[in-house]
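Okay, structure first, notes after.
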Amino acid sequence: MGLRIDQKIVLVTRPTQLESLKRKFSTRGQVRFQVVSATKRELASRHRAVGGAELEKLADQAFEEIELAGQTYDDAVEQLRRDFDFSDFDLPVQTVDRDFLPNFVFGPHDVVVTVGQDGLVANTAKYAAGLPIVAVNPDPARIDGVLLPFRADQARAAVRAVLQGRARVRQVTLAQATLADGQRLLAFNELFIGNRTHVSARYRLSVAGRTEPQSSSGVLVSTGAGSTGWLSSVFNMAAGLARAVLPNRGAGVPPASKTRSTSPGVTAGTPPLRLDWEDPRLVYVVREPFASKTSRADLVAGLLDPDHEITIESDMAANGVIFSDGVESDYLEFNTGATARIRTADAKAKLVIP
């Protein structure tokens, strides 16, 4: 297959709900007690007329479902390890937990296999940019898996196709935030720039030659892959508010073709809710912008072309952060004096498809 001596298969896993609960409560018995007790309280809060025996049965079923889901996941991971260890690939297999991805060093020729929900693919892609990712759905009965085209029993064939250079891939656009000191953070879905608490974020936003001071709940910069996630919830809120308060203005979101371009790199009006994963543009939205004597709310949304960028200068004394894809634990500090440049990344996420 033309394998390289510095090549390996990296199997990215995540803790199951049962495993996470064991970490918190130490033993299976304690986990069962906590789950059963919580289920009983929930049923009682609904004022359901459930007898003692039926209540015990429903509570037990809740724990059994968690246990079954955990076992299904563990079985999928074990099948993958077995398939890769006893294949003719003759490659080392290294398993890494999702929590250790920020510190894990991928090799330039590694093949990455993720086992988990869609979020695990997004979390992995920003650290493994440019490497082929085989995304496995470990439990098709419970996980829809928009980003998970392979079952566990199909992964070995997919990896073989990668190694033989015949795999089909989707080149997914990533966003990047870069600080003046060289720190960089990539995003598969979106970047969040703001305050890590619920207080307002203060900063100066510059785009396409225009600058304004802002006070808001933070700025979202979304890729095409993320345009149906967090970004879509912002537009759903705005559209719902428009329908309720301005019913005669129309409830729909105008398509990009009907928006008015005001300056290079920016499309005025409301950006589209959906972009293709390969679309090189980004969408930015300022969340809950507040206009005051010291802040404005004109540059609140737009499309960012790949050869343009947004510059954000922090005016937050503390708790300013930049994080991506909802992972708040892996962030860049963004306090007074820090300036972030946000644009389309040169690197792409490479998702292997059937």
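The values are calculated or read from the model by the stated rules, or taken from the named source; none is laboratory data. Being a predicted model, the structure only gives us computed values, none of them experimental. Counting neighbours? That spans all protein chains shown, and the Cβs are built from the backbone with ideal geometry, glycine included. Accessible surface is based on the protein model in full, side chains and every heavy atom, while ligands, DNA and RNA are left aside. Shrake-Rupley method; radii C 1.70, N 1.55, O 1.52, S 1.80 Å.
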Task: Residues that are within 25 Å of the chain's Cα centre (by Cα) and polar (S, T, N, Q), drawn from segment 282-317 - done: 311, 314
Task: Criterion (within 18 Å of residue 131 (Cβ to Cβ), part of a loop (DSSP other than H, G, I, E, B), of a type in the set (A, V, I, L, M, F, W, C) and open to solvent by 20 Å² or more (accessible area, probe 1.4 Å)) met by exactly one of 106, 89, 100 - done: 106
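Only residues that are among the hydrophobic types (A, V, I, L, M, F, W, C), touching a Lys or Arg at 6+ places or on another chain (Cβ under 9 Å) and open to solvent by less than 10 Å² (accessible area, probe 1.4 Å): list them for segment 113-145, please. Working first, answer last.
First, pick out the residues of segment 113-145 that are among the hydrophobic types (A, V, I, L, M, F, W, C): 113, 115, 120-122, 125, 128-129, 131, 133-136, 141, 143.
Applying the additional criterion that residues be touching a Lys or Arg at 6+ places or on another chain (Cβ under 9 Å) yields 115, 120, 125, 128-129, 131, 133, 136.
Of everything in segment 113-145, those that are among the hydrophobic types (A, V, I, L, M, F, W, C), touching a Lys or Arg at 6+ places or on another chain (Cβ under 9 Å) and open to solvent by less than 10 Å² (accessible area, probe 1.4 Å) turn out to be 115, 120, 125, 128, 133, 136.
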TODO: Name every residue in segment 195-216 that is surrounded by fewer than 17 Cβ atoms within 10 Å (Cβ to Cβ) and assigned to a loop (DSSP other than H, G, I, E, B), in order of residue number.
DONE: 197, 198, 199, 209
- [ ] Just one of (1) among the hydroxyl-bearing types (Ser, Thr, Tyr); (2) at pLDDT 90 or above; (3) open to solvent by 30 Å² or more (accessible area, probe 1.4 Å) trips up residue 228, so point out which.
- [x] (2)
TODO: Could you tell me which residue of segment 146-194 is most open to solvent (accessible area, probe 1.4 Å), considering only residues that are part of a loop (DSSP other than H, G, I, E, B) and farther than 30 Å from residue 220 by Cβ?
DONE: 166
Task: Test: residue 292 is modelled with pLDDT of 90 or more and hydroxyl-bearing (Ser, Thr, Tyr) - done: yes
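In segment 328-354, what residues are crowded, with 18+ Cβ neighbours inside 10 Å and of a type in the set (A, V, I, L, M, F, W, C)?
Within segment 328-354, 332, 334, 338, 340, 342, 345, 349, 351, 352 meet the criteria.
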Open item on the list: Kindly evaluate residue 77 against the criterion of being open to solvent by less than 30 Å² (accessible area, probe 1.4 Å), over 25 Å from residue 185 (Cβ atoms), part of a helix (DSSP H, G or I) and modelled with pLDDT under 95.
Closed with: no
Task: Hey, residue 58 of a type in the set (A, V, I, L, M, F, W, C), touching a helix residue (DSSP H, G or I) at 6+ places or on another chain (Cβ under 9 Å), open to solvent by 40 Å² or more (accessible area, probe 1.4 Å) and on the phi < 0 side of the Ramachandran plot or not - done: yes
TODO: Would you confirm whether any residue within segment 123-142 is of a type outside the set (Ser, Thr, Tyr), in contact (Cβ under 8 Å) with a residue 24 or more places away in the chain and over 30 Å from residue 229 (Cα atoms)?
DONE: no
Open item on the list: I need every pair where a residue in segment 339-350 that is under 13 Å from residue 188 (Cα atoms) has its Cβ under 8 Å from the Cβ of a residue that is among the charged types (D, E, K, R), sequence separation at least 6 or different chains.
Closed with: 343/309; 344/281; 349/126; 350/170
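Just checking, which of 41, 32 is of a type in the set (Lys, Arg), at pLDDT below 95, crowded, with 16+ Cβ neighbours inside 10 Å and over 20 Å from residue 143 (Cβ atoms)?
32
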Open item on the list: Looking at 24, 40, can you tell me which residue is assigned to a helix (DSSP H, G or I), over 25 Å from the mean Cα position of the chain (by Cα) and basic (Lys, Arg)?
Closed with: 40
